[in-house]
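Worksheet: one structure, shown below.
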Amino acid sequence: MALVKAGFVVLDCAEPEKLAVFYTELLEGEQTDATANRVEIRGADGTRLAFRRDMNATPPSWPRPENSLQAHLDFAVEDLDAAERRIVGLGGRPLDTREASGPYEERGYADPAGHSFTLRRSAATAPKHG
């Protein structure tokens with residue numbers, strides 16, 4: 001029997017209920033537990049996240065060096081443009097400031113509380129021949 005049953009990435013924020021809604025919608029998941037100071041969710045693919053209330057939490061300033069990257073999430077997607085529209089519609093914002101001269105394999109965003117995350121285009125897998 002495993003000593004540790006489940007692991008979570010926990011993000012500190014002032015309003016865990018609101019941040020949980022953002023990620024539940026983004027990951028097409030469900031809330032699995034909630035207390036006065038913590039909300040846990042599980043995404044459709046099994047990703048487990050928790051959001052802990054910290055009234056003094058300050059968002060990371062990435063890509064600026066002061067108070068820079070504290071934690072970082074990566075999510076695989078097939079369609080970067082569709083995922084970006086969804087993120088912005090849910091209250092997130094793009095962080096990547098590169099010129100949009102062509103498709104990128106990854107893009108940076110911030111959730112409504114300022115935590116950064118990256119979308120990476122998932123590689124299409126071709127069937128093996130022979």
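The values are calculated or read from the model by the stated rules, or taken from the named source; none is laboratory data. Quantities reported herein were computed from a predicted structural model and do not represent experimental measurements. Every residue, glycine among them, receives a Cβ derived from its backbone with ideal geometry; neighbour counts consider all protein chains shown. These accessible areas exclude ligands, DNA and RNA; they are computed on the full protein's heavy atoms, side chains included. Shrake-Rupley method; radii C 1.70, N 1.55, O 1.52, S 1.80 Å.
Brief remarks on what is shown
- Test: Arg120 is touching a strand residue (DSSP E or B) at 6+ places or on another chain (Cβ under 8 Å), assigned to a strand (DSSP E or B), modelled with pLDDT of 85 or more and basic (Lys, Arg): no
- Flag for Arg107 being more than 21 Å from Val10 (Cα to Cα), basic (Lys, Arg), open to solvent by less than 50 Å² (accessible area, probe 1.4 Å) and modelled with pLDDT of 85 or more: yes
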